[in-house]
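Student: A single structure is presented below for examination.
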């Protein structure tokens, strides 16, 4: 059975790595910020905001993650958002390719533009290594009959580099 190539961003499982519940926070994207934010996009802090909550923008590869956005925000438009803070949270995402031996290693964010008709993210995960400079840590294979290790596998991940905490060396 082969997995399908359907990147969908980061789907929150609404639990932390310690088993506790997730929380949602308000945030906003300021006017002129590009690209658009899609449902499931990883986001980072976006500088000076205009409201009494975090200003966010789409996360780029090699940057630490602040959270995952739960609603769409058009390009260059001021939009309000709900995010799942990334720190210690568990998400499901697609990876380019994965072997079972690579579980518990770190993965790079592939920040691809979202799907305009559905407003769903196309963020996924790419290269795997033991370095702490990669953004996400693979935890385990998503348990589903239509998911196997290999190309386009879906895995559970948590951020290695969260903007909520200090950077930690190693795997």
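Student: List the number of the failed condition for residue 88; all other conditions in (1) at positive phi; (2) out of contact with any strand residue (DSSP E or B) (no Cβ under 9 Å at 6 or more places or on another chain) hold.
Tutor: The single condition residue 88 does not satisfy is (2).
Student: While we're here: Being modelled with pLDDT of 90 or more, over 25 Å from residue 107 (Cβ atoms) and in a loop (DSSP other than H, G, I, E, B) is the filter; apply it to region 35-70 and report the residue that is nearest to the chain's Cα centre (by Cα).
Tutor: Top of the filtered list is 53.
Student: Just to be sure before I move on: is residue 74 in contact (Cβ under 8 Å) with a residue 12 or more places away in the chain and out of contact with any strand residue (DSSP E or B) (no Cβ under 8 Å at 6 or more places or on another chain) in the structure I sent? Step through it out loud before you land on a result.
Tutor: Working: in contact (Cβ under 8 Å) with a residue 12 or more places away in the chain: yes; out of contact with any strand residue (DSSP E or B) (no Cβ under 8 Å at 6 or more places or on another chain): yes.
It is true that residue 74 is in contact (Cβ under 8 Å) with a residue 12 or more places away in the chain and out of contact with any strand residue (DSSP E or B) (no Cβ under 8 Å at 6 or more places or on another chain).
Student: Is it true that some residue in region 15-34 is modelled with pLDDT of 95 or more and either closer than 22 Å to residue 153 by Cα or more than 18 Å from the chain's Cα centre (by Cα) (or both)?
Tutor: Scanning region 15-34, I find no residue that is modelled with pLDDT of 95 or more and either closer than 22 Å to residue 153 by Cα or more than 18 Å from the chain's Cα centre (by Cα) (or both), so the answer is no.
Student: Looking at residue 89 and the list (1) buried (at least 16 other Cβ atoms within 10 Å of the Cβ); (2) within 20 Å of residue 6 (Cβ to Cβ), which single condition is not satisfied?
Tutor: Here residue 89 meets the rest and fails (2).
Student: Just for region 79-88: of the residues that are modelled with pLDDT of 95 or more and either in a helix (DSSP H, G or I) or farther than 12 Å from residue 36 by Cβ (or both), which one is farthest from the chain's Cα centre (by Cα)?
Tutor: Of everything passing the filter in region 79-88, 80 is farthest from the chain's Cα centre (by Cα).
The values are calculated or read from the model by the stated rules, or taken from the named source; none is laboratory data. This is a predicted model, so every value here is computed, not measured. Ideal geometry is used to build each Cβ from the backbone, glycine not excepted, and the neighbour counts take in all protein chains shown.
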